[in-house]
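One structure below.
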Amino acid sequence: MFLVTLICSDEACAEEAEAVVRDLGELERLACACGCTLQALEVDAWVAAAPVARRGALALVAA
Ligand SMILES: [Zn+2]
């Protein structure tokens, strides 16, 4: 999953939005409310699952 910051490609609008997508191909389906396409400003990997994985690794070491 990716957390993506988007901006409208129309400079007169320049609306910013955030979206969470499973893969970056989904960005092509997103559009601004004004009808223009959205461009990705910033893409962050979604790391919500990381703490769970780390706990599992520690449990394995302790056993
Ligand atoms: Zn727009």
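The values are calculated or read from the model by the stated rules, or taken from the named source; none is laboratory data. Here the structure is a predicted model, which means the values were calculated and not measured. All Cβ positions, even for glycine, are placed from backbone atoms using ideal geometry, and neighbour counts span all protein chains on display.
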Check ILE7 against each of (1) modelled with pLDDT under 95; (2) hydrophobic (A, V, I, L, M, F, W, C); (3) in contact with a strand residue (DSSP E or B) (Cβ under 6 Å, 6 or more places away or on another chain) and name the one condition it does not meet.
(1)
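Of all the residues that make up segment 33-63, how many are in contact with a strand residue (DSSP E or B) (Cβ under 8 Å, 6 or more places away or on another chain) and either modelled with pLDDT of 90 or more or within 16 Å of the ligand (Cβ to nearest atom) (or both)? Step through it out loud before you land on a result.
Going residue by residue through segment 33-63, those that are in contact with a strand residue (DSSP E or B) (Cβ under 8 Å, 6 or more places away or on another chain) are 34, 36-46.
Filter again for either modelled with pLDDT of 90 or more or within 16 Å of the ligand (Cβ to nearest atom) (or both), leaving 34, 36-43.
Matching residues across segment 33-63 total 9.
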Right, LEU30: more than 10 Å from the ligand (Cβ to nearest atom) and of a type in the set (A, V, I, L, M, F, W, C) or not?
yes
First in segment 1-22 and near the ligand (Cβ under 10 Å from one of its atoms), second anywhere and hydroxyl-bearing (Ser, Thr, Tyr) and part of a strand (DSSP E or B), Cβ under 6 Å, 6 or more apart
SER9/THR37
Any residue in segment 25-40 that is more than 19 Å from PHE2 (Cα to Cα) sitting within a Cβ distance under 9 Å of a residue that is of a type outside the set (Lys, Arg) and surrounded by fewer than 12 Cβ atoms within 10 Å (Cβ to Cβ)? List the pairs, counting only those 6 or more apart or interchain.
CYS34/ALA12
